[in-house]
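Asker: Have a look at the structure that comes next, please.
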Amino acid sequence: MKKAFLITTIMFGLWLLSSSIYMLAKAELSQYFIKAAWEKTLDDKQNHKPWSWADTYPVMQLSVPRIEKNSYVLQGGSGRNMAFSVVHLAPSGMPGNLKSTIISGHKDSHFEYLKELKIGDLIVTKDKNKTHNYKVTSLDIVDSNNNSIAIRNTNELILTTCYPFNDLEFRGNLRYIVHASTI
Amino acid sequence: MAEKITNTRHIRQQLESLHNKRNTSNLANKQSKKKYKGLGLNWRDVVILTLALFFTGLYQAQAKAQDYFDLEDIDTGMMLSYNDESNNYGALTLLNSDYSINITGIIAEVTVKQSFQNTTEDWIAEGMYAFPVAHNAAVDHMKLIIGQRTIEGEIHEIKQAIKIYETAKKQGLTASIVKQYRPNLFTTEVANIMPNEIVQVEIRYQQTLIYDAGHIDFRLPLAIKNRYMQERYLVDSVNNLQDAELPVSNTVDEKFRSIEISLEAGFELSELVSLYHDVTIQNEQIYQKISLNDKNLYDRNDFVLRWTPTVGNKPQAAMFSEKLNGNEYVLLMLLPPKNNIVNEQLRDVVFIIDTSGSMHGDAMNAAKDALLFGLTQLNANDKFNIIEFNTYAQPLFNKSANADPNNLDKAIAFIDDLESDGGTNMGPALAMAMKDDIEQNYLKQIIFITDGSVGNESQLFRQINQQINNARLFTVAIGEAPNNYFMNKAALIGKGTYTNIAKLSDVDFIMNNLFVKISSPALTEVQVDWNTSAEQNPKVIPDLYSDQPVMVTAKLNDFNTNLVLSGFNNTTIFSKVFNMNKDGQSNGIAKLWARNQIEDLTDDYMLQNDVNNDELKQQITELGLNYHLVSQFTSLVAVDKNPELSRLVAMQAKDENRLTTLDQVNFPQTALGWMWQLILGLLLVIFGMFSVRKQAI
């Protein structure tokens with residue numbers, strides 16, 4: 001009886017282990033497929049799914065030259081998409097338009113590097129047509145229970161992720177929000 | 001409602017505040033969009049703060065991006081826009097100015113109408129109209145028209161006024177209690193001015209003009225600092241360039257500036273001129289119509305109209321009247337003769353000098369100087385006495401003595417020995433001075449020199465009122481901060497005048513003026529027989545001296561009466577009969593009378609501690625409401641006549657704003673949680689393995 005309990009514990013532990021590794025692997029490996037799809041998009045200006053059963057496609061590339069980070073942004077802010085990469089929230093605008101562009105990602109995978117951003121940092125977005133440059137203007141921490149993200153009539157880039165970065169907690173209500181304005 | 005996070009505050013600070021919030025309760029997180037709101041201030045407070053900063057010299061404002069705008073430079077009517085991002089003021093473009101002025105005697109009622117345009121492509125969220133008014137002016141009417149909105153000043157009882165103001169503020173509307181940021185600057189606020197929108201302002205104020213050296217000046221503030229005008233509108237006012245290019249006006253009236261004055265001087269005039277502007281003067285019976293010829297919008301000079309009543313060797317009197325709501329309001333004005341003849345009036349001059357401890361030092365020396373100077377001004381056949389007082393009163397002579405060399409020597413020795421020490425007990429000294437021991441044909445003049453630190457004002461006023469008889473009390477305050485109220489009122493009750501010597505170096509000059517003046521009153525024992533029931537103000541009419549006119553106002557119930565003004569010019573009787581039914585067309589007299597009444601009642605109110613306070617308060621309030629006047633208990637509140645429209649405009653303003661929230665999205669859940677799973681998984685496996693091994697052993 002006791003043995004059965006222990007085996008269950010070990011099995012559960014192994015499951016947790018493998019699922020976390022799976023999550024990481026998925027997040028990591030999917031990047032190659034997304035990158036490939038994005039390169040095709042840049043090539044033929046068409047949207048391409050990274051894999052045949054995906055319901056999303058890469059819409060832009062995001063890079064922070066100073067810390068040499070790079071992300072492929074998937075269209076649509078679903079949790080499933082976020083497991084593969086950072087995402088562009090559907091109601092928000094696209095770079096270059098007079099409407100805030102909002103990109104969200106996980107604090108413990110693709111958007112971990114947000115913690116390294118500083119005010120004044122250059123962020124470059126590249127969609128299938130054009131590159132846009134933004135400069136970080138503010139770094140804020142807000143309570144998502146009381147706040148939402150404002151989409152405004154201005155050409156700005158908003159990056160969000162969870163906060164705090166190095167914390168086991170993953171359902172917290174704090175958010176880290178980066179505002180960058182066009183330059 | 002979600003809040004935008006635009007502040008760039010230190011992360012640590014934000015974390016701490018969030019931490020506190022999470023620990024206490026989930027109170028709504030109200031992050032302000034403006035930093036100053038975090039301090040619990042609204043923008044008006046900010047304006048005041050900004051002004052305060054400015055006055056301490058830390059603040060400089062900017063106008064229209066290229067010019068620095070300075071609030072101290074408001075020398076003419078201006079509409080300003082407040083930029084909350086840069087904390088600066090900009091000036092709106094002036095389109096036209098119309099001034100309409102009614103002058104009655106030395107009372108001017110000025111109506112200013114100005115239009116301004118927001119020539120920028122931006123909304124102005126916060127605007128302010130500012131107009132420089134004279135110290136003694138009272139604004140009683142104010143109206144702003146912005147598109148279809150009208151904001152009008154209304155007189156309300158003060159509690160009501162505050163309620164209206166608070167309600168409007170709660171509803172997010174603009175309302176402002178009209179106030180003066182500095183004593184001579186009138187300001188009122190206006191919110192949400194559209195791009196290219198025109199704002200029309202109308203204000204009205206009443207002002208008493210200054211009579212100086214025989215002439216009266218009316219001044220209208222027009223001069224604008226050169227740096228606030230566009231170069232092409234700069235017109236040399238002397239040359240009056242006719243082809244000056246003026247801004248295109250959208251208003252119907254093509255005149256850019258007009259000044260129309262209706263002058264009822266009350267006296268024949270020997271001179272009537274505009275000092276800096278070209279005007280047309282028309283004579284119409286008892287009026288003079290003065291209108292400005294040039295229409296230049298911007299000016300380097302104020303408009304100054306100067307007139308000189310023809311006066312001979314006798315005092316002159318004029319009467320003005322206004323019919324209003326079944327009453328006749330009368331203003332009587334007495335003008336001193338130009339060259340006052342040397343008075344044969346015999347005088348008994350009693351000096352009272354304050355030698356209390358508070359006078360110690362420079363003040364005491366100045367008072368002694370004043371006293372010595374006073375002695376030199378006496379004629380040989382005058383009588384005089386000196387009373388010093390601190391805790392006790394001590395006279396030089398038991399009874400006023402002749403101003404002969406022997407007595408003057410005694411006086412000088414007495415003055416030399418004066419030392420300041422002890423308390424300030426004015427009562428006994430005043431009683432001694434006012435003692436009714438005047439000899440036939442002598443006029444007793446009491447010159448009361450003190451630093452004016454008193455506490456028992458009402459008691460002293462009562463005493464003066466009871467004991468003054470035929471004497472005159474002239475108060476002279478030494479020092480920069482005397483009790484002006486006491487000194488003024490005491491002189492008023494004592495039918496004398498009040499003089500302040502603020503700078504000790506001015507003692508001789510000021511005392512000389514005082515003595516020249518009081519040595520020859522032009523008219524004494526002035527009385528008016530109204531021949532009907534009348535509420536007269538002031539109740540006791542002062543003597544007429546060479547330096548200023550005397551004015552008496554009254555409210556009468558009867559229109560058809562003859563009134564008789566009388567007094568003594570030296571020893572001869574002066575009298576003048578006025579026929580009341582002659583006009584009744586003057587303006588602003590009812591208001592002037594009410595203003596004077598309010599002033600008197602407010603004085604009484606201040607003096608009384610408990611008795612009849614409610615009655616006085618009610619009287620003051622009623623006067624304020626009936627005559628549309630600001631008082632201690634009534635206030636001018638700017639009321640929005642179309643609040644719904646204003647709200648709409650405010651909303652549009654928000655939409656037009658470059659940074660507006662179009663939409664809101666919730667924050668997505670942005671943590672995979674792999675770390676948690678990895679660590680827990682590892683722990684479970686290790687624990688399981690360990691237990692299995694232990695069991696196996």
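We did not get these values from a lab; they are worked out from the coordinates using the rules stated. Everything numeric here is computed off the predicted structure, so don't read it as measured data. Positions of Cβ are backbone-derived with ideal geometry, glycine not excepted, and every protein chain shown enters the neighbour counts.
Asker: What number comes out for the charge environment of A:Trp51, summing +1 per Lys or Arg and -1 per Asp or Glu over other residues with Cβ under 14 Å away?
Answerer: On the way: positive: A:Lys26, A:Lys35, A:Lys40, A:Lys49, A:Arg80; negative: A:Asp55.
Counting the neighbours of A:Trp51, the net charge comes to +4.
Asker: Compute the acute angle (0 to 90°) between the alpha-carbon long axis of helix A:2-44 and the principal axis of greatest extent of the alpha-carbon atoms of chain A; round to the nearest 10°.
Answerer: The helix A:2-44 is inclined about 20 degrees to chain A.
Asker: Now a separate question. Semi-axes of the equivalent ellipsoid of the stretch B:346-519: what are they in whole Å, largest first, if each equals the square root of 5 times a C-alpha gyration tensor eigenvalue?
Answerer: After scaling each eigenvalue by five and taking roots: 21, 19, 16 Å.
Asker: Using only atoms on other chains, find how many Cβ atoms lie within 10 Å of each Cβ of peptide B:679-689 and report the average.
Answerer: Rounded to a whole number, the mean comes out at 6.
Asker: Another question, if that's okay. Measuring from label point to label point, each 7 Å out along Cα→Cβ, what is the A:Asn145 to B:Asp663 span in nm?
Answerer: Result: 2.8 nm between the two label points.
Asker: In addition: Which whole-number value in Å³ per residue fits the convex hull of the alpha carbons of the stretch A:2-182?
Answerer: 131 Å³
Asker: A further question follows. In this model, which of B:Lys143/B:Lys163; A:Lys2/A:Lys26; B:Lys368/B:Lys399; B:Lys314/B:Lys495; B:Lys159/B:Lys289; B:Lys368/B:Lys444 are farther than 32 Å apart at the alpha-carbon?
Answerer: The pairs that break the limit, which is 32 Å between Cα atoms, are A:Lys2/A:Lys26; B:Lys159/B:Lys289.
Asker: Dipole of the stretch A:2-182, Cα-centred, from +1 at each Lys and Arg C-beta and -1 at each Asp and Glu C-beta, to the nearest 20 debye?
Answerer: 220 debye
Asker: Could you tell me the center-to-center distance, by alpha carbons, between the stretch A:15-36 and the stretch A:145-182 in angstrom?
Answerer: 24 Å
Asker: Moving to a separate point now. If you look for lysine pairs in the stretch A:91-169 that are eight or more places apart or on different chains, how many of them have Cα atoms under 20 Å apart?
Answerer: 9
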